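Below is one structure, written out as structure tokens; the observations come after it.
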Amino acid sequence: SAAEKGGYDYFMLKEIAEQPKAVADTLLGRIDGSGSLTLDEVRIPPGVLREIDKVVIVACGTAFHAGMIAKYAIEHWTRLPCEVELASEFRYRDPILDAQTLVIAISQSGETMDTLMALRHAREQGSKVLAICNTNGSTIPRESDAVLYTHAGPEVAVASTKAFLTQLVACYLVALYLGQVRGTKWGDEIRAVIRDLSSIAGAVERVLGTMEPVRELARTLASKKTVLFLGRHVGYPVALEGALKLKELAYMHAEGFAAGELKHGPIALIEEDLPVVVVVPSPRGRSVLHDKIVSNIQEIRARGARTIVIAEEGDEAVVPYADHLVRIPATPTLLQPLVATVPLQVFACELATARGNEVDQPRNLAKSVTVE
Ligand code: AGP
């Protein structure tokens, strides 16, 4: 009913708008007054966490994209090798797992059969399994050694939005916690990131306040057949997520690429007026990546692409090559997906609406996929 949707036309719009609160709720009570993490729910003893020599993340769809981003954070902050794998592929390749492996299963519903089968397989090999889940008491957390709940609240729309942002927050918390427990040379950086996380909900709120031009742009693209998405580093999984949203909601052909791969094939796809969304890393921090992606934007635009550029406030280098410029607040490199994903959600939702699609219930899809 209209009341359930809180005055919005679709649950998806309501859930997009709820993201600042969802992010704040997922942080609530998990950072103490001294700026340290207190993840009591992670009932895997610190002694066991110190013995871990590898992390493996399993998930599907949007949760898999959160896992891809988590890999960058975990490897950077803990120096533990981290693999991320589609849950549906995982057990069929006989993965190498033992008691020193920490498996992280990410799932909004907690009922996804592919993810459940992957975690069962991991536990049979003696690995510890930590679930990141949004649904209290669901099967995946019940069958795991520990669970860190995301506090997004119920997500009704089939397309995952607020659950994704809170999965990212939970992944950062786990990565930082592992760093804290194991002690890494990034101690100062970890403390700084914990501080930055505390203000990130405000940054998400600011993005939401600037989305009207994105909606207008989406409406002008309603008759397009294809949209491409490019990103690098943590912007690469964001590009994949932008493409997945467009597929499931707008039923359009959409693909995400790592921008560095363009020259290895995908650049041949570029043609006159093809919309290409580019997620630009911060010019601060890893500035080499930033400069490389600016050259990519230049290259595709020279070949006729219509460039839709998502870049940090104050990034002037992109301006000459952006047909459409979407600004996002400056964040630390690893946290950028929390703000960069939001315009892509709004973009897909508006395109779906413009094409007359059922936003909350896309064809052929179910909210939780309980078959393998
Ligand atoms: C996201 O928009 C999709 N509907 C889908 O990819 C989803 O993320 C996937 O099926 C995993 O679901 P889960 O998080 O409930 O396990």
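The values are calculated or read from the model by the stated rules, or taken from the named source; none is laboratory data. Because the structure is predicted, anything quoted here is derived from the model rather than measured. A quick note on method: Cβ atoms are made from the backbone with ideal geometry, for glycine too, and the neighbour counts reach across all protein chains shown.
Just a few scattered comments:
- Contacts under 6 angstrom Cβ, first residue in the stretch 1-19 being touching a residue at least 12 places away in the same chain (Cβ under 8 Å), partner crowded, with 20+ Cβ neighbours inside 10 Å and not in a loop (DSSP other than H, G, I, E, B), 6 or more apart: MET12/CYS349; GLU15/LYS162; ILE16/GLN345; GLU18/LYS162; GLN19/LYS162; GLN19/LEU165; GLN19/VAL204
- Residue list for the stretch 337-358, filter: more than 27 Å from GLY202 (Cβ to Cβ) and either in contact (Cβ under 8 Å) with a residue 40 or more places away in the chain or of a type in the set (S, T, N, Q) (or both): LEU351, ALA352, THR353, ALA354, ARG355, ASN357
- Boolean, ALA348 is buried (at least 24 other Cβ atoms within 10 Å of the Cβ) and over 16 Å from the mean Cα position of the chain (by Cα): no
- Residue check, PRO266 more than 16 Å from the ligand (Cβ to nearest atom), out of contact with any Ser or Thr (no Cβ under 7 Å at 6 or more places or on another chain) and touching a residue at least 40 places away in the same chain (Cβ under 8 Å): no
- In the stretch 80-90, the residues that are charged (D, E, K, R) and away from the ligand (no atom under 16 Å from the Cβ): GLU83
- Some residue of the stretch 56-79 being at pLDDT below 95, of a type in the set (Ser, Thr, Tyr) and either away from the ligand (no atom under 15 Å from the Cβ) or crowded, with 24+ Cβ neighbours inside 10 Å (or both): yes
- Residues that are β-branched (Val, Ile, Thr) and in contact (Cβ under 8 Å) with a residue 60 or more places away in the chain occur at least once in the stretch 273-292.
- Counting only residues that are farther than 15 Å from GLU350 by Cα and touching a helix residue (DSSP H, G or I) at 6+ places or on another chain (Cβ under 7 Å), the stretch 229-246 holds 11 of them.
- Within the stretch 313-336, the set of residues being under 14 Å from ALA203 (Cβ atoms), hydrophobic (A, V, I, L, M, F, W, C) and either within 16 Å of the ligand (Cβ to nearest atom) or part of a loop (DSSP other than H, G, I, E, B) (or both) comprises ALA330 only.
- Qualifying positions in the stretch 1-32 - more than 18 Å from ALA163 (Cα to Cα), assigned to a loop (DSSP other than H, G, I, E, B) and of a type in the set (A, V, I, L, M, F, W, C): ALA2, ALA3
- Considering the stretch 127-207, the qualifying helices (runs of 4 or more DSSP H), each wholly inside and each with 2 or more residues that are more than 20 Å from the chain's Cα centre (by Cα) and over 19 Å from ALA63 (Cα atoms), run over 162-182, 187-198.
- Condition broken by ILE96, with the remaining ones in (1) within 11 Å of the ligand (Cβ to nearest atom); (2) without any contact (Cβ under 8 Å) to a residue 24 or more places away in the chain satisfied: (1)
- Positions within the stretch 126-162 being within 14 Å of the ligand (Cβ to nearest atom), of a type outside the set (S, T, N, Q) and more than 19 Å from GLY29 (Cβ to Cβ), in sequence order: ILE140, GLU143, PRO154, GLU155, VAL156, ALA157, VAL158, ALA159
- Positions within the stretch 284-324 being within 16 Å of GLY235 (Cβ to Cβ), of a type in the set (A, V, I, L, M) and at pLDDT 95 or above, in sequence order: ILE293, VAL294, ILE297, ILE300, ILE308, VAL309, ILE310, ALA311, ALA317, VAL318, ALA322
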